[in-house]
Amino acid sequence: MPEMETAAFETDLSLFKYDNLEQLPSEYRTLEETERTDRIEAALDELGDDVVILGHNYQRREIVEHADFVGDSYQLSKQAANADAKYVIFGGVTFMAESADIITSEAQTVILPSMEASCPMAGMAEALQVDAAWAEITAATNEEIIPITYMNSYADLKAFCAEQGGLVCTSSNAHKAFEYAFQKGDKVLFLPDKHLGENTAHRLGMEDEIVEWDPWDPESKDARKAVENDIILWEGYCQVHERFRTDHIEKIRDQHPDANVVVHPECRREVVEAADVVGSTATITQTIEEADPGETWAIGTEIHLTNHLDRWHPEVEVLPLCGEACMDCNAMRQIDPNYLVWVLEELTEGRERNVIEVDPETKDLAQVGLDRMLEI
Ligand code: 13P
Ligand code: SF4
């Protein structure tokens with residue numbers, strides 16, 4: 001498969017969570033790959049066990065190649081927790097680095113090479129905005145509502161959910177989080193990804209119990225109507241995954257009759273229904289790892305992971321589900337490898353750049369939400 005180029009992606013939804021953006025010094029902007037690799041290796045030699053680099057599956061090749069661990073957001077949080085390095089350099093987006101900061105010890109520092117790596121979907125459910133919706137929705141019913149937030153959300157929303165008796169979930173355990181919530185209460189408010197919420201409701205046979213809550217549309221914000229349903233889905237979504245459509249699957253199967261299709265659960269309901277396998281980026285990776293030589297797999301997720309899997313598994317025919325229209329993630333792309341050189345070289349000089357630090361109160365509460373998730 002030829003390396004896919006990035007599809008044009010313009011959005012005004014990429015809300016930056018942190019306003020202490022440190023720009024890359026100009027001398028780092030034009031490094032060639034060979035020089036960059038040499039400098040990264042030299043800095044890592046000097047820093048030794050003080051540094052661990054984590055790389056999400058959607059990171060560029062040049063980041064993933066330097067990572068000590070590559071994985072999905074949940075696996076990386078666990079790696080962060082187990083790491084005893086003083087510095088955790090997170091190749092991912094802000095909500096992931098925040099989770100790492102929550103989980104790691106006080107003595108560890110989490111660094112996000114570029115502060116501009118903010119997931120637009122996490123930005124679609126600001127804690128303040130959710131707080132206002134929560135007041136409206138809970139006032140409309142005497143039944144108990146349990147809020148669940150997907151890992152792809154900011155620490156203050158994780159803290160809010162925990163404070164209201166709810167929890168955090170990942171794309172792999174969302175169904176268990178729903179089951180926990182229905183044992184504890186009567187209704188669920190799920191944030192911020194409506195597609196993961198809808199796919200989970202289907203998995204539990206509760207597809208008739210869904211209503212959407214769109215904080216930007218006054219028409220859809222009818223709290224009395226919302227609480228007639230058991231599952232209230234926040235109107236958030238990922239642009240990268242919303243792009244996949246069933247006609248892409250049909251086209252792939254027309255052109256490659258033996259093709260299997262694996263997609264991420266952030267895809268639309270009808271796409272998930274038409275796919276052969278659905279799962280987190282770890283599940284997608286494992287599916288290709290376990291494929292027999294000669295099998296064909298079309299992948300419905302962010303294009304960097306598809307490119308990595310194609311490179312790592314030449315024995316499998318790996319195809320991007322929507323061809324050249326497949327996108328990279330604008331937020332993940334912000335982790336330019338030149339930033340990695342910069343933050344590492346700054347550490348060798350004793351300077352910490354782009355540190356992600358969740359305030360202690362939010363941290364403690366968000367930890368409760370994550371602990372509840374680990375117990376289910
Ligand atoms: P995973 O948790 O499956 O790695 O997904 C993270 C993500 O951002 C998907 O868009
Ligand atoms: Fe956020 Fe989508 Fe990017 Fe994942 S792929 S980090 S959900 S924008």
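The values are calculated or read from the model by the stated rules, or taken from the named source; none is laboratory data. Keep in mind that this is a model prediction, so the values were computed, not measured. With ideal geometry, Cβ positions are generated from the backbone for all residues, glycine too; neighbour counts draw on all protein chains shown.
Quick notes on this structure:
- Qualifying positions in the range 157-175 - at pLDDT 95 or above and over 16 Å from Val188 (Cα atoms): Ala159
- Residue ID - farthest from ligand 2 (Cβ to nearest atom), chosen from residues in the range 57-82 that are in contact with a strand residue (DSSP E or B) (Cβ under 6 Å, 6 or more places away or on another chain) and part of a strand (DSSP E or B): Phe69
- When Ala223 is tested against (1) in contact (Cβ under 8 Å) with a residue 24 or more places away in the chain; (2) surrounded by fewer than 24 Cβ atoms within 10 Å (Cβ to Cβ); (3) closer than 19 Å to Glu242 by Cα; (4) more than 14 Å from ligand 1 (Cβ to nearest atom), only condition (3) is not met.
- Restricting Leu112, Leu157 to those that are in contact (Cβ under 8 Å) with a residue 12 or more places away in the chain, buried (at least 22 other Cβ atoms within 10 Å of the Cβ) and under 21 Å from Ala201 (Cβ atoms) reduces the list to Leu157.
- Of the residues Asp254, Asp258, the single one that is in a loop (DSSP other than H, G, I, E, B) and either closer than 30 Å to Leu47 by Cα or at pLDDT 95 or above (or both) is Asp258.
- Checking each residue of the range 167-176 against the condition of being over 19 Å from Asp230 (Cα atoms) and basic (Lys, Arg) gives no match.
- Within the set Ile252, Ile231, the sole residue that is out of contact with any Ser or Thr (no Cβ under 6 Å at 6 or more places or on another chain), under 24 Å from Leu321 (Cβ atoms) and buried (at least 20 other Cβ atoms within 10 Å of the Cβ) turns out to be Ile252.
- Every condition in (1) surrounded by fewer than 20 Cβ atoms within 10 Å (Cβ to Cβ); (2) within 16 Å of ligand 1 (Cβ to nearest atom); (3) modelled with pLDDT under 95 holds for Glu106 except the one numbered (2).
- From Glu375, Glu317, Glu357, Glu346, residue being free of Cβ contacts under 8 Å to residues at least 24 places away in the same chain and either crowded, with 17+ Cβ neighbours inside 10 Å or in contact with an Asp or Glu (Cβ under 9 Å, 6 or more places away or on another chain) (or both): Glu346
- Where Ala125 falls short, out of the listed (1) touching a Pro at 6+ places or on another chain (Cβ under 6 Å); (2) more than 16 Å from ligand 2 (Cβ to nearest atom): (2)
- Subset of the range 271-324 (residues that are within 18 Å of Tyr74 (Cβ to Cβ), in contact with a strand residue (DSSP E or B) (Cβ under 8 Å, 6 or more places away or on another chain) and either among the acidic types (Asp, Glu) or assigned to a loop (DSSP other than H, G, I, E, B) (or both)): Gly279, Thr301
- The set of residues in the range 40-59 being within 15 Å of ligand 1 (Cβ to nearest atom) and over 14 Å from Gln108 (Cβ atoms) consists of Gly55, His56, Asn57, Tyr58, Gln59.
- Any hit, the range 33-54, residues being in a loop (DSSP other than H, G, I, E, B) and within 16 Å of ligand 2 (Cβ to nearest atom): no
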